[in-house]
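*Asks:* There's a structure below that I have some questions on.
The values are calculated or read from the model by the stated rules, or taken from the named source; none is laboratory data. Small disclaimer: the values here were computed from a predicted structure and weren't measured. FYI the Cβ positions are ideal-geometry reconstructions off the backbone, even for glycines, and counts take in every protein chain you see. In case anyone asks, the SASA skips ligands and DNA or RNA and just uses the protein heavy atoms, side chains included. Shrake-Rupley method; radii C 1.70, N 1.55, O 1.52, S 1.80 Å.
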Amino acid sequence: MAACVRIRSLARVTSRALSTAGGRQQKALAEEATDHEEARKTFTDLQKERQEQAEHTVLISCPPNINENKFLKYLSQYGNVASHFFYESYGTHAVVEFLEKESVESLRAATNVPRADDECIVPFKSRLFVFKSERAMDRVPVHCLKQAAVPVNELIQKLCKAENVNEQAQALMEEYQLTDENIRLRFLVSSLIRDVAAAYFPEATVNPYGSTVNSFGKLGCDLDLFLDLDTIGKSGTGKSAGPFTSEYLMKRVPSGRVMTQRILSVIGECVDNFGPGCTGVQKILNARCPLVRFTHQPAGLQCDLTADNRIALRSSELLYLYGHCDHRVRPLVFTLRCWARVHGVTSAIPGAWITNFSLTTMILFFLQKRRPPIIPTLDQLKNLSGKEDKHIVDGHDCTFVSNLNKIKPSENSESVDLLLSEFFEFYGNFDFTKNCINIRKGKEQNKPDSSPLYIQNPFEQTLNVSKNVNQTQLERFVAITRESAWILQEQLNRPSERDNHPWGLAAVLLPSLSQGIGKAKRKRKKGMASDRVKSLLESLKTDGKAR
């Protein structure tokens, strides 16, 4: 595995050299080949590579306008630098990956403990460093990579420059998706938090899950982290060569939930008191899934750390699999997630809104319903699985194939613009009163209860992942899908003057679309009320004449 990481790191070094020499076309081809190669790797292998890469990486707070060449020359005395990049978050920071892990230890050995006359320093040595420059240098501003998505108004302007709706969807995805650098930063933060947890659990790992790894993450999204203690429980052979067997003396607690709460409480205290750059720590231990929430200020990320959410890891892998089994899935999901956020269908604030996971499940279900289907059902993925894919989590069957090469390409040739229009039509006319959405079967089923929107959890099949959605929000979703279907269809049939008005996908991202629906509703309500008053007055007049 280490060899794979080093080869990929050397490829990045070569890529930079090609760029310096003017070989941009070769670099683009090399990056495209690398992306294709990574897309066909199993989810587990890709996560392991990124985790090992993070172990070779440090995070450095830099002086403003640092001289990049002198910075790299200084670091090279500790070992070969495989890659690096700069970004802004409360100052300039650099993520630096060394070819060898030993280089990180060399840098650590040469780093000083800070002094503070009026404060006491907590002596926890992490891989987060602060570089200072006492000498005046010929400072040149470094190029900082973006860490947040562009505002919607800027996005709309960029979309209007595309040739067609398909290109617009692709451009939207490229603007919003997590960059390779941003993913590397997220795995580095995961590794840094693991260093904190290792004080109590040296064998534990901390793994990103959710949007960071499922291939649908948007720049700026939260970082979900899973403290995995499973390897500790499985360690030891249980065999003995003599008359005795040995086991650890361990604390006993009433339930797994109590254990999770106690562990997260202690780790939360460690992160709060010893984790450099970690601020705003909240221990939310009584939630259905207990968690510790905090902000990693140097990385500019809000993080949620859990310790009992293994099904969420499988859900992340399932979405990753769907995102890479057909080239149309990711552009469609990014487009519809953006559309949903613009029109208030989804929200960053917990409430009665449809969540990103629920919306993505609805998109996958729609793609399963196409004729022929664009993606397989979960049951079909299970049928393709082998012994190595078998996963039972808390009694729930979470088995599905992990090898993308076993999934046959779809015979469906519909374009993204058509699928987008058909999605709006499909859910604008879906019978939510009777049917639930089930991606395991890929077909509508009768709702088990009266929830306005029922989306079956693909693994915990008795759960409704959209139970939080109320009737008002569902009706609003349906109204916006119908309005979007009408606008997009009009755009496809009669292209407007592109120089004067947003067109295609840009037209359905205009905030005025959902605002207009609200005004129309209010007008209809006023009209209905005035009609009732008018009818009542006429009936009174009639009664008076009759008397």
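*Asks:* What's the total number of residues in the stretch 157-201 that are part of a helix (DSSP H, G or I) and open to solvent by 20 Å² or more (accessible area, probe 1.4 Å)?
*Replies:* Residues that pass the stated criteria total 14.
*Asks:* Checking the condition surrounded by fewer than 18 Cβ atoms within 10 Å (Cβ to Cβ), in contact (Cβ under 8 Å) with a residue 12 or more places away in the chain and under 30 Å from residue 167 (Cβ atoms), which residue from 344, 323, 280 passes?
*Replies:* When all the criteria are applied, what remains is 344.
*Asks:* Just one of 346, 335 is out of contact with any Lys or Arg (no Cβ under 9 Å at 6 or more places or on another chain) and on the phi < 0 side of the Ramachandran plot; which is it?
*Replies:* 335
*Asks:* Conditions: (1) in contact with a Cys (Cβ under 8 Å, 6 or more places away or on another chain); (2) of a type outside the set (Lys, Arg); (3) surrounded by fewer than 23 Cβ atoms within 10 Å (Cβ to Cβ). Residue 300 meets all but one. Number of the miss?
*Replies:* Only one criterion is unmet by residue 300, namely (1).
*Asks:* State all residues of the stretch 403-459 that are among the aromatic types (Phe, Trp, Tyr) and within 16 Å of residue 469 (Cβ to Cβ); if no residue qualifies, say none.
*Replies:* Within the stretch 403-459, 427, 430, 432, 454 meet the criteria.
*Asks:* Report, by residue number, each residue of the stretch 423-439 that is touching a residue at least 60 places away in the same chain (Cβ under 8 Å) and either closer than 12 Å to residue 477 by Cα or open to solvent by 10 Å² or more (accessible area, probe 1.4 Å) (or both).
*Replies:* Scanning the stretch 423-439 gives 424, 425, 426, 427.
*Asks:* Of the conditions (1) modelled with pLDDT of 95 or more; (2) surrounded by fewer than 21 Cβ atoms within 10 Å (Cβ to Cβ); (3) in a loop (DSSP other than H, G, I, E, B), residue 479 clears all except one; give me its number.
*Replies:* Condition not satisfied by residue 479: (3).
*Asks:* Please specify each residue of the stretch 212-225 satisfying the condition of being open to solvent by less than 20 Å² (accessible area, probe 1.4 Å) and not hydroxyl-bearing (Ser, Thr, Tyr).
*Replies:* Correct list: 213, 214, 216, 217, 219, 223, 225.
*Asks:* Please determine whether any residue of the stretch 135-156 is farther than 30 Å from residue 334 by Cβ and in contact with a Gly (Cβ under 7 Å, 6 or more places away or on another chain).
*Replies:* The answer is no, given that none of the residues of the stretch 135-156 is farther than 30 Å from residue 334 by Cβ and in contact with a Gly (Cβ under 7 Å, 6 or more places away or on another chain).
*Asks:* Same structure again: Is there any pair with a first residue in the stretch 479-494 that is over 19 Å from residue 164 (Cβ atoms) and a second that is outside any helix (DSSP H, G or I) and at pLDDT 90 or above whose Cβ atoms are under 7 Å apart and which are 6 or more apart or on different chains, and what are they?
*Replies:* Close Cβ pairs satisfying both conditions: 480/343; 480/345.
*Asks:* Continuing with this model, one more query. When the residues of the stretch 73-115 are filtered to those that are of a type in the set (D, E, K, R) and open to solvent by 50 Å² or more (accessible area, probe 1.4 Å), which remaining residue is nearest to residue 183 (Cα to Cα)?
*Replies:* My answer is 88.
*Asks:* A follow-up question, please. Of the residues that make up the stretch 84-95, is at least one out of contact with any Lys or Arg (no Cβ under 7 Å at 6 or more places or on another chain), farther than 30 Å from residue 513 by Cα and part of a helix (DSSP H, G or I)?
*Replies:* For the stretch 84-95, residues out of contact with any Lys or Arg (no Cβ under 7 Å at 6 or more places or on another chain), farther than 30 Å from residue 513 by Cα and part of a helix (DSSP H, G or I): absent.
*Asks:* Output the residues belonging to the stretch 398-446 that are in contact with a Pro (Cβ under 6 Å, 6 or more places away or on another chain) and part of a loop (DSSP other than H, G, I, E, B).
*Replies:* 411, 412, 439, 440
*Asks:* Can residue 374 be described as in a loop (DSSP other than H, G, I, E, B), aliphatic (A, V, I, L, M), in contact with a Ser or Thr (Cβ under 7 Å, 6 or more places away or on another chain) and in contact (Cβ under 8 Å) with a residue 60 or more places away in the chain?
*Replies:* no
*Asks:* Give 142, 150, 95 a once-over and let me know the one that is at pLDDT 95 or above and of a type in the set (Val, Ile, Thr).
*Replies:* Only one candidate qualifies: 95.
*Asks:* Residue 385 is checked against (1) touching a helix residue (DSSP H, G or I) at 6+ places or on another chain (Cβ under 7 Å); (2) part of a loop (DSSP other than H, G, I, E, B) and fails just one. What number does that condition carry?
*Replies:* Failing condition for residue 385: (1).
*Asks:* Suppose we filter 346, 360 for residues that are under 23 Å from residue 504 (Cα atoms) and part of a helix (DSSP H, G or I); which single one remains?
*Replies:* Within the list 346, 360, the selection yields 360.
*Asks:* Looking at this structure, is residue 228 in contact with a Pro (Cβ under 8 Å, 6 or more places away or on another chain), at pLDDT 90 or above and surrounded by 11 or more Cβ atoms within 10 Å (Cβ to Cβ)?
*Replies:* Here the answer is no, as residue 228 does not meet what is asked.
*Asks:* Just give me the residues in the stretch 447-478 being farther than 23 Å from residue 312 by Cβ and free of Cβ contacts under 8 Å to residues at least 24 places away in the same chain, in sequence order.
*Replies:* 447, 449, 450, 452, 471, 475
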